[in-house]
Structures are given as C-alpha cells and as structure tokens.
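Accompanying notes for the structure given below.
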Amino acid sequence: MYYGMRRMVLRPIQYRSQLSRLVSQGLSITGRLLSTDSDKPNDFKVEEAETLKPQPPGPEKLLVLGGNGFVGSHVCKEALQQGFSVSSLSRSGRSSIQEHWADGVVWHQGSLLVPDSLQDVMDGVSAVISCVGGFGSGSYMYKINGTANINAIRAAAEKGVKRFVYISAADFGLVNYLLQGYYDGKRAAEAELLSKFTYGGVILRPGFIHGTRQVGGIKIPLGVVGSPLEMILQHAKPLSKVPVFGPLFTPPVSVAAVSRVAVRAATDQVFPPGIVDVYGILRYGGEQR
C-alpha cells in the first residue's frame, strides 16, 4: 500500500517535470525564431518566391467602319503602321487595294443599316473610327451619313467601347442647303456621338480631302489640286468668317493628316473630346505652316 501511494505521488511530479522540460524547450526554440541577433543562426530558411513576369498587353484593337474607301483605307494603313490591330466593316468587305498592308486588316462584310452586322465585330474593340458617308438623294444621304452611323455609335456604346471617332464634314454655307440630306445626317450622327460618348467621342470636320485615291486599278492624284489650295487657303482663315461665301475659303486637308489625327484621337486617352475643325486637323496632323 505504501508503495502504491508512493507511485501515485511520484507520477504527477514526473508529469510536471516533463511538462516543464517541454515548455522550456519550446521557449528556447521560440526565442531563437524571434531573435533579431544577426550573430545567431536561424534554424528556418525562408526561400524567396519565384517572381512571375506579367505578360505585356496585346495591341489595341481598332475597328474602321468603311475601311475600304478613300479615307478608310488610309486610316487602316496608318493604324497598322503604328502597331495597332485593325479590322474593318464595309458593305463590300475586303478592299480591292492590292498592297501589302491590306493583308494585315481583318475584313468583315456587312451593313450598318443591319443591326446584326454589328454584334460580333465590336467584340474586344477598344476604339471605332467611322469613315462612312455617301451622296445621292436626300433620303439616301440622311440614311448613310446619319442613320448608319447612329446605329454604329449605339452598338459601340452598348459593347463598352472606350472611344469613337467620327469623320464628318465642315460647313460650306450655301452648299449645306444644296446637300441638305447629307449635312442633316452628319449633324444627327454628331449629336448622337456627343450624347453617347461624352468623354471619348471625337468629331473631325475636314473640308475637301486630297490625296491619292484609287478607283479600281487607277490611282487618281487629288493632291495635284488639293495641296496648292491647302497652302494658300490655310492662311485665309479670316475669309472663312465672311457670311454666305466665307465657308468656301475653308482650306483642303490631306488624307494623310486626317488619318493621323483619327488614329491619334482613337488611341490617345488624353486627346480632347469634341469637335476638331479643319485648322485643328492641320495642327494635330502636323501640317500647320
């Protein structure tokens, strides 16, 4: 009985002794881990995590409406030269221009008057440049210059496109009345753009656009007449303020300048939204003398 009682008394003492050693060892280990003394070796080595290099973003994707036309083809070429990804939507699809740059454009065939044509081509697009316009009867001109572009503006806004550049036209006084459907359509599209793209909408208003225009296999050098007029009339800005006939003194502008400004307005986030007149195009396009 004495021996049994002795074991019962010693066992708690042994447990307390073992517990004391474990706590002492734990504190010793913790002390080493928390020690900031650089002379004491650390029992645990923390290896640096592998640094993952983020993938660079791909080129911005631009959609050019009417990319196979006179202005549209130059816009496509300019955008490609600046390293952007370019697609185009037009009624005839692929351009007939047989030049190397045309192979770099993704060509889509469709009509802006058919809403279904706009569903897929807007996917992943960061900016749209519309070069769509045309002449004909009054109702036709309003439909092509106005309704078609309004459809495109609304589709782009619904898809979350950041910027939209619309190539419109300068006022020419009496000419506006002779081509009422044309200008009414242009101004309706402008109003829609300023409404839907308050901070990312840019309207270019060039006058006569000159440059090399290709019709089939024939190249027409519009610059032969346009370049001299541009040099003369860009210094006649006060004359453009003369009532009735003043707008006829609006200087021509090269298609190269229009293309440069259109691409810049579509891709430069600090480019001011709103209307850019002929003199602004000359200035931004680097042709102001």
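The values are calculated or read from the model by the stated rules, or taken from the named source; none is laboratory data. Everything numeric in this text was worked out from a predicted model, so none of it was measured. Counting neighbours? That spans all protein chains shown, and the Cβs are built from the backbone with ideal geometry, glycine included.
Quick look at the numbers
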{"item": "Residue identified as among the aromatic types (Phe, Trp, Tyr), in contact with a Leu (Cβ under 9 Å, 6 or more places away or on another chain), closer than 21 Å to Gly69 by Cα and surrounded by fewer than 23 Cβ atoms within 10 Å (Cβ to Cβ) among Phe164, Phe135, Phe172", "result": "Phe135"}
{"item": "Index of the failed condition, Asp171 passing every other in (1) closer than 22 Å to Ala266 by Cα; (2) acidic (Asp, Glu); (3) touching a residue at least 60 places away in the same chain (Cβ under 8 Å)", "result": "(1)"}
{"item": "Selected residue (criterion: farthest from Leu63 (Cα to Cα)) from residues of segment 112-138 that are at pLDDT 95 or above and not in a loop (DSSP other than H, G, I, E, B)", "result": "Ser130"}
{"item": "Which listed residue is under 28 Å from Val125 (Cα atoms), out of contact with any strand residue (DSSP E or B) (no Cβ under 8 Å at 6 or more places or on another chain), modelled with pLDDT of 50 or more and surrounded by 17 or more Cβ atoms within 10 Å (Cβ to Cβ), from Ser254, Ser259", "result": "Ser259"}
{"item": "Residue within segment 205-214 that is modelled with pLDDT of 95 or more and closer than 24 Å to Ala102 by Cβ present", "result": "no"}
{"item": "In segment 70-109, residue farthest from the chain's Cα centre (by Cα) [restricted to those that are of a type in the set (Ser, Thr, Tyr) and surrounded by 18 or more Cβ atoms within 10 Å (Cβ to Cβ)]", "result": "Ser95"}
{"item": "Filter pass, Trp107 being farther than 27 Å from Tyr199 by Cα, out of contact with any Phe, Trp or Tyr (no Cβ under 8 Å at 6 or more places or on another chain) and in a strand (DSSP E or B)", "result": "yes"}
